Amino acid sequence: MMTGITGVGFAPLIPWQAIALIGGIAVLLILFSAFRSARGTFLRLFSIAVLVLALFNPRLESETRQPQPDVAVIVVDESSSQNTGDRREQLARALEDAQEKLAKFDDLEVRVVRGAETEDGTQLFGELNRALADLPKDRFAGAVMITDGQVHDVPAPAARAPDAAADEPEPAINDAEAAGLNAPLHVMLTGSPEERDRRLVVVRAPAFGIVGKTVQLSLRVDDRPSRSGTTVEVTIAEAGGPATRALLRTGEERTVEVPIEHGGASIFEIEAAPMANEMSLINNRAVVTVNGVRDRLRVLLVSGQPHAGERTWRNLLKSDPSVDLVHFTILRPPEKNDFTPLNELALISFPIRELFEIKLHEFDLIVFDRYVIRFVLPPAYLGNISRYVRDGGAVLAAVGPDFAGVRSLYHTPLGQIFPGLPSGRVLEQAFRARVSAKGRRHPVTASLPGAATGDGESAWGQWFRQIEASERAGVTLMTGVDERPLLILNRVGKGRVAQFMSDHIWLWARGFDGGGPHAELLRRLSHWLMKEPDLEEEDLRAIVDGKQLTIQRRSLNEEVPPVTVTAPSGKQRIVRLEESQDGSSTATITVEETGLYKIEDGTRSATAAVGKLNPPELSDLRASPDKLMPLIKASGGGVSWIAEGLPDFRRTRPGRTASGNDWLGLVRNGSYVVTGVRQAPLLPALLFLLLAAGGLTMAWWREGQ
């Protein structure tokens, strides 16, 4: 608290307009007197001036002032890029030292705010503006940012005047004013000016691709400091799939083709080989998601003699507009075998060779519906189908009573890929299909509507025929009479096979005895055969929703091991999964870092991107003041590398230099708040009267001489 005379004030005795009128008339009279050369003119002028001043009633004023401390703001960069090297330790050391040194100034208040990281990168100026929102400008002493310099919300430079000359330099202070800074901005940099870094850039990547074809990714590798012409190996791999390798020259863009092998999201992890003495490998990786779509699904349906359930398969496949169906039906039953040559049975010969040899690999799925050997398809063509499956194709067989006899497809080359071995018996009795223990964990049959739970009966309608078979390979998902295999799935080479040991699924389609989920079951089964990733029985995937990371593990084994979650910074966390109702094991955790997370359980791995797939925070990890330098210069601030020593702090006067080689300055504004005002007359009223009367008397005396 301090008190002092601050100036002179006025409290007019009458309105100032009246005083001005009186004074004006008096001045005119005096001018007339001076024009007539009358004596005592200046003495009369003196008397009138004293009277006018007395009417204005001058007073001495003094104020009681309360000094206000200046405010300095320390902005701390808490983004994930600070996890590189020993930056986090440097940041903590610099913050502690700055707070300790600034606490020694009694007229300075220190505020500490922490910058946030969003999908758009590090946000520091937003936090600084919020800290200054309630602060008068004449109390702001300056800001100190402790950061690596990779700030992504730096205010844009002030716009030039439209009529400014092209070569006219813009006043630097405009940039600081545009950012709301009327005091110096200082930057204390973590990291080191000698850092080296390599960055992988995905220049272009398509959002969609056709399954079975390739897509083009445009990639570039940048080295900092720049080393153009260096050859770098880049690896591109989808989780669990083979890797594609390419050689790129730094600084040059190159197009690389990668295959889309399945529908749904294909997440490609791209990684560039590290450079010598590189500071971090985080931005050597990038992630690209390409959604695989099938152009048209081509399905070949091969039916045996007509039966009540034949239309079930045809109607299901024809109802999907994305399916191109080729239906091949054997219309000649055995009792009509009259030795008529095959080429005389139809006006148009069926293109057997074209379908089963030339264009066989163009089909995505082949369905056999109660097909039996009739010597229409030679064994060589059935052998082609067996090789087609081993090379990656898919076969679904819904067998009837003939599968248990001598005309069974099992006695052809297809028998090598069928997982069910027929015993020769046909079980003709009522039963209800049930989901097996492994079927409750398999995505094809897990959580089917109306499925039995525990030891209870399912709500599905009855079937009346099952071909007895034993499980030779694969896994049984559904059982029928006396827990015998009803639906068996198997992987053969690169392809897949499914076998229904009954031809009565059409009863569900007709709604007999309540029906059953035939459409959903056959849809899932077809998609599993065509390798849709959502129906993989052994699968590990991660789903991101904001800051929540959900891990889902599907397995036919009841014991699911814990998973290891590796954050973008390299920190690892062990997560245990809990079994859910759909047969999978899941866990949900909260993640804080932005970037690519890796999830592994020892046998399988998955990746997930939190925030943007390739966030700006990881685009350049080198510490550098370049982005902030325009504002630093415009505000009169300075730059200090923490690794080279911590600076001292000084208080400076407004308009003076605010930084030096080893010190940073904060402005001493000297702001205050007036808490009281006192007033006293400049001169006593009697003294005014004596001066005026004395002047008039002297003027009268001078005039009388």
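Are there any strands (runs of 3 or more DSSP E) wholly within segment 1-102 with 2 or more residues that are assigned by TED's automatic domain parsing to the domain that holds ARG651 and modelled with pLDDT of 85 or more, and if so which?
Numbers: elements: 2-10, 58-67, 70-77.
Ranges flagged: 70-77.
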Return the residue satisfying two criteria in turn: it lies in segment 399-420 and is of a type in the set (Gly, Ala, Ser) and closer than 16 Å to ARG484 by Cα, and of such residues it is surrounded by the fewest Cβ atoms within 10 Å (Cβ to Cβ).
ALA404
I'd like to know if segment 175-184 contains one or more residues that are at pLDDT 90 or above and more than 30 Å from LYS531 (Cβ to Cβ).
yes
Could you give every pair whose Cβ atoms fall below 7 Å, whose first residue belongs to segment 187-211 and is without any contact (Cβ under 8 Å) to a residue 24 or more places away in the chain, and whose second residue is among the small types (Gly, Ala, Ser), counting only separations of at least 6 or pairs across chains?
ARG204/SER218
Is there a residue in segment 569-591 that is of a type outside the set (A, V, I, L, M), crowded, with 21+ Cβ neighbours inside 10 Å and within 22 Å of the chain's Cα centre (by Cα)?
no
Name every residue in segment 589-623 that is in contact with a helix residue (DSSP H, G or I) (Cβ under 9 Å, 6 or more places away or on another chain) and of a type in the set (Asp, Glu), in order of residue number.
GLU592, GLU593, GLU617, ASP620
Of the residues in segment 514-535, those that are charged (D, E, K, R), part of a loop (DSSP other than H, G, I, E, B) and in contact with a Gly (Cβ under 7 Å, 6 or more places away or on another chain) come to GLU532
Going by the conditions given, is ARG390 surrounded by fewer than 16 Cβ atoms within 10 Å (Cβ to Cβ) and touching a residue at least 60 places away in the same chain (Cβ under 8 Å)?
yes
Count of segment 549-563 residues which are closer than 21 Å to HIS442 by Cα and out of contact with any Lys or Arg (no Cβ under 6 Å at 6 or more places or on another chain)
10
Residue list for segment 599-622, filter: closer than 21 Å to SER226 by Cα and in contact with a Ser or Thr (Cβ under 6 Å, 6 or more places away or on another chain):
GLU617, LEU621
From the set of residues in segment 241-281 that are on the phi > 0 side of the Ramachandran plot and assigned to a loop (DSSP other than H, G, I, E, B), which is modelled with the lowest pLDDT?
ASN277
Just to be sure, is ASP601 over 28 Å from ALA156 (Cβ atoms) and modelled with pLDDT of 90 or more?
no
Scanning segment 339-377 for residues that are in a loop (DSSP other than H, G, I, E, B) and either in contact with a helix residue (DSSP H, G or I) (Cβ under 8 Å, 6 or more places away or on another chain) or modelled with pLDDT of 80 or more (or both) gives SER349, LYS359, PHE363, ASP364, ARG370, TYR371, VAL372, ILE373, ARG374, VAL376, LEU377
Looking at (1) modelled with pLDDT of 85 or more; (2) over 25 Å from ARG622 (Cβ atoms); (3) of a type in the set (D, E, K, R), which one does GLU238 not meet, given that it meets all the others?
(1)
How about segment 483-501: which of its residues are surrounded by fewer than 24 Cβ atoms within 10 Å (Cβ to Cβ) and outside any strand (DSSP E or B)?
GLU483, ARG484, GLY493, LYS494
Considering segment 648-662 alone, what residues qualify as being charged (D, E, K, R), touching a strand residue (DSSP E or B) at 6+ places or on another chain (Cβ under 7 Å) and within 17 Å of ASN182 (Cα to Cα)?
ARG651
For SER423, which of the numbered conditions (1) under 50 Å from the mean Cα position of the chain (by Cα); (2) in contact (Cβ under 8 Å) with a residue 24 or more places away in the chain; (3) surrounded by fewer than 15 Cβ atoms within 10 Å (Cβ to Cβ) fails to hold?
(1)
So which residues in segment 239-255 are closer than 23 Å to ASP197 by Cα and crowded, with 17+ Cβ neighbours inside 10 Å, if there are any at all?
ALA246, LEU248, THR250
Quick one: would you say ALA116 is loosely packed, with under 15 Cβ neighbours inside 10 Å, more than 28 Å from the chain's Cα centre (by Cα), aliphatic (A, V, I, L, M) and more than 14 Å from VAL667 (Cβ to Cβ)?
no
Scanning for something free of Cβ contacts under 8 Å to residues at least 60 places away in the same chain and closer than 30 Å to SER319 by Cα, does segment 515-522 turn up at least one residue?
yes
Evaluation of PRO647 against (1) surrounded by fewer than 21 Cβ atoms within 10 Å (Cβ to Cβ); (2) under 18 Å from LEU91 (Cα atoms); (3) modelled with pLDDT of 90 or more (one fails), failing number
(1)
Return the residues of segment 622-646 that are touching a Lys or Arg at 6+ places or on another chain (Cβ under 8 Å) and either without any contact (Cβ under 8 Å) to a residue 12 or more places away in the chain or outside any helix (DSSP H, G or I) (or both); say none if nothing qualifies.
ARG622, ALA623, LEU646
All conditions in (1) in contact with a Lys or Arg (Cβ under 8 Å, 6 or more places away or on another chain); (2) among the small types (Gly, Ala, Ser); (3) without any contact (Cβ under 8 Å) to a residue 12 or more places away in the chain are true of GLY655 except (1)
Given the condition in the same structural domain as LEU489 (by TED's automatic domain parsing), under 14 Å from LEU489 (Cα atoms), in a helix (DSSP H, G or I) and under 53 Å from the mean Cα position of the chain (by Cα), answer yes or no: does some residue in segment 394-405 qualify?
no
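Within segment 666-684, is even one residue within 30 Å of SER81 (Cα to Cα) and at pLDDT 80 or above?
Among the residues of segment 666-684, at least one is within 30 Å of SER81 (Cα to Cα) and at pLDDT 80 or above, which makes the answer yes.
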Test GLU362 against the stated conditions and say whether it is in the same structural domain as MET478 (by TED's automatic domain parsing), acidic (Asp, Glu) and touching a residue at least 40 places away in the same chain (Cβ under 8 Å).
yes
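Residues are listed down the side, and each one gets a yes or a no for (1) hydrophobic (A, V, I, L, M, F, W, C); (2) within 21 Å of GLY264 (Cβ to Cβ); (3) out of contact with any Lys or Arg (no Cβ under 7 Å at 6 or more places or on another chain):
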residue	(1), (2), (3)
ILE543	yes, yes, yes
VAL565	yes, no, no
ILE574	yes, no, yes
GLU578	no, no, yes
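Kindly indicate whether VAL110 is outside any strand (DSSP E or B), touching a Leu at 6+ places or on another chain (Cβ under 6 Å) and either modelled with pLDDT of 85 or more or surrounded by fewer than 13 Cβ atoms within 10 Å (Cβ to Cβ) (or both).
Details: outside any strand (DSSP E or B): no; touching a Leu at 6+ places or on another chain (Cβ under 6 Å): yes; either modelled with pLDDT of 85 or more or surrounded by fewer than 13 Cβ atoms within 10 Å (Cβ to Cβ) (or both): yes.
Answer is no for this residue.
The values are calculated or read from the model by the stated rules, or taken from the named source; none is laboratory data. Every value quoted in this text rests on a predicted model; they were computed, and no experiment measured them. For neighbour counting, all protein chains shown are included, and Cβ atoms are generated from backbone atoms with ideal geometry for every residue, glycine included.
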